[in-house]
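As structure tokens, the structure follows; a few thoughts come after it.
The values are calculated or read from the model by the stated rules, or taken from the named source; none is laboratory data. What you are looking at is a predicted structure, and each value in this text was computed from that prediction instead of being measured. Virtual Cβ from ideal backbone geometry, glycine too; neighbours counted across all protein chains shown. Quick note on the areas: whole protein, heavy atoms, side chains included, nothing else; ligands and nucleic acids left out. Shrake-Rupley method; radii C 1.70, N 1.55, O 1.52, S 1.80 Å.
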Amino acid sequence: MKVAVLSLMACGACARNLEECCYEDGHEIVWSSLDGDEGEPDADVLFVEGSVDFADAETLEKLEEAASAASTVVSLGSCAATGGFERHVIGMRDPDRHHFTVFPAAKFIDTDYAINGCPPTTDVIASFLRALEEGNEDELRPYEVLSGDFHELTPESSQVTGPTIPVEDVLLTSNKDLCLGCDLDVIERDLFCVGCGTCAASCPAWAIEMDEKPVIQQERCIRCGTCFVSCPRSFEIPNGR
């Protein structure tokens with residue numbers, strides 16, 4: 001496959017893992033903003049890395065132009081899929097301006113798939129690439145589920161009032177709906193959680209400890225969704241179990 005990479009507000013780790021997978025599996029990266037490429041990419045699939053600052057008109061233009069030329073668009077990593085740590089107030093410090101203006105890619109363009117993780121591992125990316133190349137809809141379904149716009153807030157309706165808003169108010173507005181599926185009632189009261197510890201092992205922020213069941217340290221959680229994607233019971237498998 002011919003692959004294009006658009007890197008926005010990102011550290012670059014997601015793109016590096018993607019490049020490694022493409023090299024190992026024989027996919028060609030024909031266009032990359034990291035290499036200074038501009039305009040519309042001639043590629044089979046566009047991977048968008050990093051969150052999007054809607055206050056940056058130039059970034060929005062690049063995103064829309066690149067996405068319009070690709071038949072398949074993938075949000076690569078938690079920043080592109082959920083906004084990531086650029087969007088969330090960590091701990092009890094006051095929020096910065098970007099906590100109110102940064103959104104996931106799905107806010108502005110139609111995305112077909114999302115690969116969560118901070119960053120996604122090479123194994124996960126390689127598995128996705130194989131499923132995409134083979135057209136395996138059963139294996140692609142979880143990535144399709146994650147690609148939607150899960151956030152009720154829009155740039156137009158969010159409270160962009162600056163960094164003086166108390167962190168408690170931010171948690172009740174910007175951060176409230178950002179986690180993809182962490183419902184503590186499900187963990188604590190229902191039979192959904194089996195206490196396997198996969199979520200704690202996958203958390204990049206060390207925000208989960210195990211005490212038979214997961215214990216979430218909310219002051220450390222960056223709402224990246226990695227735990228939700230890693231959980232073996234988050235998705236219904238093809239035979240319906």
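Below, the figures for the structure above:
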read-out	value
Residue check, residue 229 of a type in the set (Val, Ile, Thr), farther than 13 Å from residue 82 by Cβ, modelled with pLDDT of 55 or more and open to solvent by 40 Å² or more (accessible area, probe 1.4 Å)	no
Options 216, 222; residue that is open to solvent by less than 60 Å² (accessible area, probe 1.4 Å), modelled with pLDDT of 70 or more and in contact with a Phe, Trp or Tyr (Cβ under 6 Å, 6 or more places away or on another chain)	222
Residue within the range 65-74 that is over 26 Å from residue 137 (Cα atoms), modelled with pLDDT of 90 or more and within 21 Å of the chain's Cα centre (by Cα) present	yes
Within the range 57-77, tally of residues that are open to solvent by less than 10 Å² (accessible area, probe 1.4 Å) and either part of a loop (DSSP other than H, G, I, E, B) or small (Gly, Ala, Ser) (or both)	3
Qualifying residues in the range 78-103 (those that are part of a loop (DSSP other than H, G, I, E, B) and in contact with a Phe, Trp or Tyr (Cβ under 8 Å, 6 or more places away or on another chain)) - the one modelled with the highest pLDDT	83
Subset tally (residues that are over 15 Å from residue 45 (Cβ atoms) and either open to solvent by less than 70 Å² (accessible area, probe 1.4 Å) or not acidic (Asp, Glu) (or both)) for the range 137-148	5
Strands (runs of 3 or more DSSP E) contained entirely in the range 1-56, each with at least 2 residues that are exposed (fewer than 15 other Cβ atoms within 10 Å of the Cβ) and out of contact with any Lys or Arg (no Cβ under 8 Å at 6 or more places or on another chain)	none
